[in-house]
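Working notes for the structure below.
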Amino acid sequence: LYLHIDPQSRIPPCPNYERGFCRLGPDCPKRHVRRTMCELYLSGFCPKGRECPNVHPKWSYTESIRIRAKGEK
Amino acid sequence: PITQVDLDSLEDKPWRKPGADITDYFNYGFDEFSWTTYCLRQDKLRDEYDTNKLRTQMMQ
Amino acid sequence: PITQVDLDSLEDKPWRKPGADITDYFNYGFDEFSWTTYCLRQDKLRDEYDTNKLRTQMMQ
Ligand SMILES: [Zn+2]
Ligand SMILES: [Zn+2]
């Protein structure tokens, strides 16, 4: 049974890419799944929650998902 | 397109249920209180903009 | 939190290289500009609409 599972699906999804950006791009060892963000959630609130067909990406303050700012190394 | 949902228009508030994760519903760290405040301020900005636009048009 | 972002200061923009696929780096149709705007919006709204902060402001 397990032989039929796509080997790709065993690679965990990349949490940075799930947030929106991963600086490793194609070199990332984790899976980058292209998805669509919910417009309402982007504006701030969507009443559908987990039932929404589009993604409500979770945010957390992480340096690794920032594009380098002025003066930063 | 509708970009803001009025919380008062919703009969069901599933994020209030025990075990619910508010971040499934609200982005940017909003909760009911801060989201309402934000919407009111947005409306205010739009109203001011519309009023100014109207004023300019009327003076022409 | 970062308030000023200068995209040109980023030396390595691998998604700009010939043959690169921007969707390998950015999800949800973001590009470097919209992504930066989104990050700044997260910072700004989380700071401005912090419920404790709002309540303190109202009590003043
Ligand atoms: Zn990744
Ligand atoms: Zn949604």
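The values are calculated or read from the model by the stated rules, or taken from the named source; none is laboratory data. It should be emphasised that the depicted structure is a prediction, and the values quoted were computed from it without experimental measurement. Cβ coordinates were reconstructed from backbone atoms using ideal geometry, including for glycine residues, and neighbour counts include every protein chain displayed.
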(Q) For a quick check of your reading of the model, give me the residue pairs whose first member lies in segment A:34-53 and is over 17 Å from residue C:39 (Cα atoms) and among the hydroxyl-bearing types (Ser, Thr, Tyr), whose second is modelled with pLDDT of 95 or more and part of a strand (DSSP E or B), with beta-carbon atoms closer than 9 Å and at least 6 apart or on different chains. (A) A:36/A:55
**Q.** Unique match (being under 18 Å from residue C:48 (Cα atoms) and either at pLDDT 95 or above or among the basic types (Lys, Arg) (or both)) among B:38, B:28
**A.** B:28
Q | Condition met for residue A:20 (modelled with pLDDT of 95 or more and away from ligand 1 (no atom under 15 Å from the Cβ)) | A | no
Q. Under 17 Å from residue C:50 (Cα atoms) and either in a loop (DSSP other than H, G, I, E, B) or in contact with a strand residue (DSSP E or B) (Cβ under 7 Å, 6 or more places away or on another chain) (or both): does that describe residue B:28?
A. yes
Q: Could you pull out the residue among B:40, B:45 that is under 20 Å from residue C:50 (Cβ atoms), of a type outside the set (S, T, N, Q), without any contact (Cβ under 8 Å) to a residue 60 or more places away in the chain and within 13 Å of chain C (Cβ to nearest Cβ)?
A: B:40
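Restricting to segment A:28-46, give me the number of residues that are within 16 Å of ligand 1 (Cβ to nearest atom) and surrounded by 14 or more Cβ atoms within 10 Å (Cβ to Cβ).
Result for segment A:28-46: 5.
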**Q.** Members of segment A:16-52 found to be within 8 Å of ligand 2 (Cβ to nearest atom) and basic (Lys, Arg), listed by number
**A.** A:48
Q. List the pairs whose first member sits in segment B:23-35 and is more than 7 Å from every other protein chain (Cβ to nearest Cβ), whose second member is assigned to a loop (DSSP other than H, G, I, E, B) and surrounded by fewer than 19 Cβ atoms within 10 Å (Cβ to Cβ), and whose Cβ atoms are under 8 Å apart, counting only residues at least 6 apart or on separate chains?
A. B:32/B:13
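If you check residue A:48 against the conditions, is it out of contact with any Asp or Glu (no Cβ under 7 Å at 6 or more places or on another chain), modelled with pLDDT of 80 or more and under 22 Å from residue C:45 (Cα atoms)? Let's see the steps before the verdict.
Details: out of contact with any Asp or Glu (no Cβ under 7 Å at 6 or more places or on another chain): yes; modelled with pLDDT of 80 or more: yes; under 22 Å from residue C:45 (Cα atoms): yes.
Criteria met by residue A:48.
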**Q.** segment A:51-73: number of residues that are outside any loop (DSSP other than H, G, I, E, B) and modelled with pLDDT of 95 or more
**A.** 2
